[in-house]
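The values are calculated or read from the model by the stated rules, or taken from the named source; none is laboratory data. Computed from a predicted model, the values in this text were never measured in an experiment. In this analysis, Cβ positions are derived from the backbone assuming ideal geometry, glycine residues included, and neighbour counts consider all displayed protein chains. In case anyone asks, the SASA skips ligands and DNA or RNA and just uses the protein heavy atoms, side chains included. Shrake-Rupley method; radii C 1.70, N 1.55, O 1.52, S 1.80 Å.
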Amino acid sequence: MTTTNVLDRPTLVLNRSWQPVHVTTVARSLILLWNDAARVVDPEDYQALTWDDWAKREPAEGVPCIRSARLKLPVPEVIALANYDRLPSTAITFSRRNVGKRDHYTCQYCGDQPGVETITIDHVIPRSQGGTSSWTNCVAACEPCNARKADRTPEQAGMKLRHRPVRPEWKPFYAAQGGRIESWARFVKHEPVPALALA
Ligand SMILES: [Zn+2]
């Protein structure tokens, strides 16, 4: 693994009460650590370590490291912010991209998966009938279904929605973009839905 890849790995960020609030990169977590704004949490013994203490640690077998001529630093997988009490905002930005992700880029009418580039967003209640651009009124749809439905509700078009669209909640694993790390499971209560990666 090159240093660049290691620095891009995800790090789980906990607040001062050790609740997951964010996912950042190893690069960013090292800056927080260096600035004394965070401690590394050792997932083995739950010790919270400063940069100096962390740098003294002998990396365990198989743990990814950042290496330079004088330094061999295990990458922090979990950090805790020193002065941050708030809970994460559960709001995920409403966007075409995130609707596509929520629906796994799957047409919510026929189940087709035409691909990230060609999937479209359908307003369940069309805008011409007062439908809003929102999590609960927008779904992923393939081009043929979107064209067939046109400016009609599913009922008017005789089409059936596979799932009622809902506002998704932020979960740390979603934000990891597939970079699931075993040690996170000790800090994150719910099992992840691996295919869903909302940013
Ligand atoms: Zn379709």
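The table that follows gives values for the structure above.
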quantity: Charge tally in the Cβ shell below 12 Å around Ile66, where Lys, Arg are +1 and Asp, Glu are -1, Ile66 excluded; calculated: +3
quantity: Of all accessible heavy-atom area on the range 1-65, the percent that carbon and sulfur account for (1.4 Å); calculated: 49 percent
quantity: Separation of alpha-carbon centers, the range 1-63 and the range 84-138, rounded to whole Å; calculated: 33 Å
quantity: Residues of the range 11-98: accessible area per residue with a 1.4 Å probe, Å²; calculated: 59 Å²
quantity: Nearest-0.05 FRET efficiency for Asp151 and Ser17, computed from C-beta distance (R0 35 Å); calculated: 0.10
quantity: Shape of the range 67-139, Cα gyration tensor, a/c cut at 1.5; calculated: oblate
quantity: Difference of contour (0.36 nm per residue) and Cα-Cα distance, Ser68 to Glu44; calculated: 6.1 nm
quantity: Rounded FRET efficiency, nearest 0.05, which uses the C-beta distance separating Arg28 from Arg57 and R0 of 25 Å; calculated: 0.80
quantity: The range 41-126: relative contact order in percent, alpha carbon pairs under 8 Å with at least 6 residues between; calculated: 17 percent
quantity: Convex hull projection area averaged over all views, the range 3-59, Cα basis, nm²; calculated: 4.1 nm²
